[in-house]
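Engineer: Can you keep this structure in mind? I'll have questions shortly.
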Amino acid sequence: MELYQLTAKDIHVGLRRKDFSAREVAQAHLYRVDDIDHELKAFITVTPEKALLAADKVDALIARGEVIHKLSGVPIAIKDNICTQGIPTTCGSRMLEHFVPPYSATAVKRLCDLGVVIVGKTNLDEFAMGSSTENSAFGVTKNPHCMSRVAGGSSGGSAAAVASGQAVLALGSDTGGSIRQPAAFCGVVGLKTTYGLVSRFGLIAFASSLDHIGPLARTVSDAAWALQAITGLDPRDSTSVAPNIDSSQPLAAGVKGKIIGIPKEYFGPGVDKDVAEQVKRAIKVFEGLGAETVDISLPHTDYSLPAYHLIATAEASSNLSRYDGVRYGFRASGAESTDELIKLSRSQGFGAEVKRRIMLGTYALSKGHHDAYYSKAQKVRTLIRADFTKAFSQVDIIVTPTTPTTAFTIGSKIEDPLAMYRADIYTVSANLAGIPAVSLNCGFVDGLPVGLQLMGPALSEILLLQAAFAYEQETRFAGYQEG
Amino acid sequence: MRLTPEQVEKVAELARLELTPQEKERYAEQLSAVLDYFSMLNTLDTVNVSPTTHALMLKNVLRDDIVEPSLTQEQVLSLVPQIAGEFVAVPRAFEG
């Protein structure tokens, strides 16, 4: 087994047993990047010097006989919309192509304090707006399982980096499914927590009531370790909450006696039948492990995608108004007035999808339209939340496909925004309701991974991870998969 | 819901975006299709529903009024595209 195929758990054990050094682990991942990333394009920026420096620090601790944290020396990749001090953070956009943040996101700082090794910053759809990582100003990230297919988005780079062994763990962001969908397409574990559980300080904002930072990993256990490290109240994020998570509970608790809800709206004509088949097989596995399954309904499911896009674009139009070429970011040349400067900088700095969403949001919030669009969507959001509250009074976990199809071919949806948005139909509801959701691999169709999604009530991350772990241990879909 | 290129131009103006004529046509078409899709929300009766204004419905999260370290002026100015001494330099803001 290659060093780049190890899990965080394997690395921790190996470092303590002195089977290898942190530098050797870091080097193996950096070689892996050199080897495959010119084709895969998971990374925008690679940070070899910083990585080796961090690895050497860990080796020094080990040499002094000190106890190291379980994530020390573990190579991680960070989505390029998450601020990393001193490392360019571009958001996949010309607007921030040369932006080097003077501070790190809280989630990054927490990981760095534990001694992780940052391999680099991963590719994404520009400003996290997209479902394929085709909207990046810096190239398209390919799916490691099939190079003519998308890696998913917007955290495509993070998912591809983890799936291909270029990083053990990654941080991504999820506003409408942007961690879970690429995780599903690339066959890895992707977790979106309860809203507020991971601080958003340092996450470059897209839609503030929907954005989440979360981990991607090859195993549930690794994802759980990352989760522990990054959660916690942060005074710098006024929407953050203290975790009520009892992380002393073992992952291996099983699902015996747990009630699993199967919502009919997620298994209708919208889902590919082969994908649905794999997910139904997974449900049988849960039954075999002692869980009870119940058919339920989430009646407002069909309204979640339009509600999501109205709210997300409205919030985005506000959040992205800060990019004006004045204080940071791209500034266009040749402007003769401040007004012209702002217009030119924004028009030249933003890509097409970003402009589309800004305009949709601006329209939805404008005079005469605000009530019909934005307020309406906020009310529909209440109805969607109520669907879940009602469902969770009957069931412990809801199981669905993560996506309606497996990874689509590059270029096949980019000309049709609505078709692209439909890739997220099963993921957006969890963002609207603020509830946690995890995606993990449950099989392959024509060599392409299929994602299984588990959703739970707010702050039920441990329950979800226990169920995911039980499934993962029973089947053979965890760990490094040769693409 | 059919947006005209002129309406697109108005929205673009609000968003401080400058579009080419071709872009106005293309966005008019694409935005119209998306807005059409959004209109399905109107089939829902929400007369007695209150809007979700916050994912967690937290209220008044405050901190103590204590000064803590922040970014230095140097750090902030290092990000500015064009500075004049301690100031951010821009082309003139007002006419005349």
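Engineer: Does B:Val61 satisfy being of a type in the set (A, V, I, L, M, F, W, C), outside any helix (DSSP H, G or I) and under 23 Å from the mean Cα position of the chain (by Cα)?
Structural biologist: no
Engineer: Checking the conditions here, which among A:Ile435, A:Ile398 is within 11 Å of chain B (Cβ to nearest Cβ), among the aliphatic types (A, V, I, L, M) and buried (at least 22 other Cβ atoms within 10 Å of the Cβ)? Steps first, answer last, please.
Structural biologist: Values: A:Ile398 fails: within 11 Å of chain B (Cβ to nearest Cβ).
Unique residue meeting the criteria: A:Ile435.
Engineer: Every residue in the stretch B:31-52 that is free of Cβ contacts under 8 Å to residues at least 12 places away in the same chain, part of a helix (DSSP H, G or I) and among the small types (Gly, Ala, Ser), please.
Structural biologist: B:Ala33
Engineer: Counting just the residues of the stretch A:306-328 that are at the interface with another protein chain (Cβ under 8 Å from one of its Cβ atoms) and within 26 Å of the chain's Cα centre (by Cα), which one comes out surrounded by the fewest Cβ atoms within 10 Å (Cβ to Cβ)?
Structural biologist: Residue satisfying both the conditions and the ranking: A:Ser321.
Engineer: Find the residue count for the stretch A:353-385, including only residues that are touching a residue at least 40 places away in the same chain (Cβ under 8 Å) and more than 7 Å from every other protein chain (Cβ to nearest Cβ).
Structural biologist: Total meeting the criteria: 8.
Engineer: Would you confirm whether any residue within the stretch A:290-312 is free of Cβ contacts under 8 Å to residues at least 12 places away in the same chain and in a loop (DSSP other than H, G, I, E, B)?
Structural biologist: Going through the stretch A:290-312, the residues free of Cβ contacts under 8 Å to residues at least 12 places away in the same chain turn out to be none.
No; the residues of the stretch A:290-312 include none that is free of Cβ contacts under 8 Å to residues at least 12 places away in the same chain and in a loop (DSSP other than H, G, I, E, B).
Engineer: Still on this model: Do we find that A:Pro269 is within 12 Å of chain B (Cβ to nearest Cβ) and farther than 15 Å from A:Val399 by Cα in this structure?
Structural biologist: Judged against the criteria, A:Pro269 is not a match.
Engineer: Quick check on the stretch B:62-71: of everything there that is loosely packed, with under 10 Cβ neighbours inside 10 Å and facing another protein chain (nearest Cβ under 10 Å), which residue is nearest to A:Tyr195 (Cα to Cα)?
Structural biologist: Filtering the stretch B:62-71 for residues that are loosely packed, with under 10 Cβ neighbours inside 10 Å and facing another protein chain (nearest Cβ under 10 Å), the one nearest to A:Tyr195 (Cα to Cα) comes out as B:Leu62.
Engineer: If only one of B:Glu74, B:Glu86 is loosely packed, with under 13 Cβ neighbours inside 10 Å, more than 7 Å from chain A (Cβ to nearest Cβ) and in contact with a helix residue (DSSP H, G or I) (Cβ under 8 Å, 6 or more places away or on another chain), which one is it?
Structural biologist: When all the criteria are applied, what remains is B:Glu86.
Engineer: Pairs needed: first member in the stretch B:11-30, facing another protein chain (nearest Cβ under 8 Å); second member anywhere, surrounded by fewer than 19 Cβ atoms within 10 Å (Cβ to Cβ); C-beta distance under 6 Å; at least 6 residues apart or different chains.
Structural biologist: The qualifying pairs are B:Leu17/A:Ser347; B:Glu18/A:Ser347.
Engineer: Pull out all pairs, ordered by first then second residue, where Cβ-Cβ is under 7 Å, the residues are six or more apart or on different chains, the first lies in the stretch A:91-115 and is more than 14 Å from every other protein chain (Cβ to nearest Cβ), and the second is among the basic types (Lys, Arg) and part of a helix (DSSP H, G or I).
Structural biologist: Going by the 7 Å Cβ cut-off, the qualifying pairs are A:Gly115/A:Lys57.
Engineer: Is it the case that the stretch A:354-372 has a residue that's over 30 Å from B:Phe94 (Cβ atoms) and among the polar types (S, T, N, Q)?
Structural biologist: no
Engineer: Conditions: (1) surrounded by fewer than 22 Cβ atoms within 10 Å (Cβ to Cβ); (2) at the interface with chain B (Cβ under 10 Å from one of its Cβ atoms); (3) not polar (S, T, N, Q). A:Ala391 meets all but one. Number of the miss?
Structural biologist: Of everything listed in (1) surrounded by fewer than 22 Cβ atoms within 10 Å (Cβ to Cβ); (2) at the interface with chain B (Cβ under 10 Å from one of its Cβ atoms); (3) not polar (S, T, N, Q), A:Ala391 misses just condition (2).
Engineer: May I pose another question? Any residue at all in the stretch A:92-113 that is charged (D, E, K, R) and within 20 Å of A:Leu3 (Cα to Cα)? Spell out how you get there, then give the answer.
Structural biologist: In the first step, residues of the stretch A:92-113 are kept if they are charged (D, E, K, R); the result is A:94, A:97, A:109-110, A:113.
Next, from what is left, pick out any that are within 20 Å of A:Leu3 (Cα to Cα): none.
Checking the stretch A:92-113: not a single residue is charged (D, E, K, R) and within 20 Å of A:Leu3 (Cα to Cα).
Engineer: Right, here's the next one. Determine whether A:Ser347 is at pLDDT below 95, at the interface with chain B (Cβ under 9 Å from one of its Cβ atoms), out of contact with any Phe, Trp or Tyr (no Cβ under 9 Å at 6 or more places or on another chain) and not in a loop (DSSP other than H, G, I, E, B).
Structural biologist: When the stated conditions are applied, A:Ser347 does not pass them.
Yes/no matrix, rows are residues, columns are (1) modelled with pLDDT of 95 or more; (2) exposed (fewer than 10 other Cβ atoms within 10 Å of the Cβ):
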site: B:Thr4; (1), (2): no, no
site: B:Val34; (1), (2): no, no
site: B:Pro51; (1), (2): no, no
site: B:Leu56; (1), (2): no, no
site: B:Asn60; (1), (2): no, yes
site: B:Leu79; (1), (2): yes, no
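Engineer: Restricting to the stretch A:213-230, and then to whatever is in a helix (DSSP H, G or I) and among the β-branched types (Val, Ile, Thr), can you tell me which residue is nearest to A:Gly434 (Cα to Cα)? I'd like the intermediate steps shown before the answer.
Structural biologist: First, the residues of the stretch A:213-230 that are in a helix (DSSP H, G or I): A:220-230.
Checking the rest, the ones that are also among the β-branched types (Val, Ile, Thr) come to A:220, A:230.
On the way: A:Val220: 21, A:Ile230: 18 Å.
Looking at residues that are in a helix (DSSP H, G or I) and among the β-branched types (Val, Ile, Thr), I get A:Ile230.
Engineer: Still on this structure, please answer the following. Among the residues of the stretch A:88-135, how many are among the hydrophobic types (A, V, I, L, M, F, W, C), closer than 19 Å to A:Arg236 by Cβ and in contact with a helix residue (DSSP H, G or I) (Cβ under 8 Å, 6 or more places away or on another chain)?
Structural biologist: So the count comes out to 4.
Engineer: Further, regarding this structure: Among what's in the stretch A:34-68 and is of a type in the set (Gly, Ala, Ser) and surrounded by fewer than 14 Cβ atoms within 10 Å (Cβ to Cβ), pick the residue that is nearest to A:Val150 (Cα to Cα).
Structural biologist: It comes out as A:Ala60.
The values are calculated or read from the model by the stated rules, or taken from the named source; none is laboratory data. From a predicted model like this one, the values you see are computed outputs, not experimental measurements. Ideal geometry is used to build each Cβ from the backbone, glycine not excepted, and the neighbour counts take in all protein chains shown.
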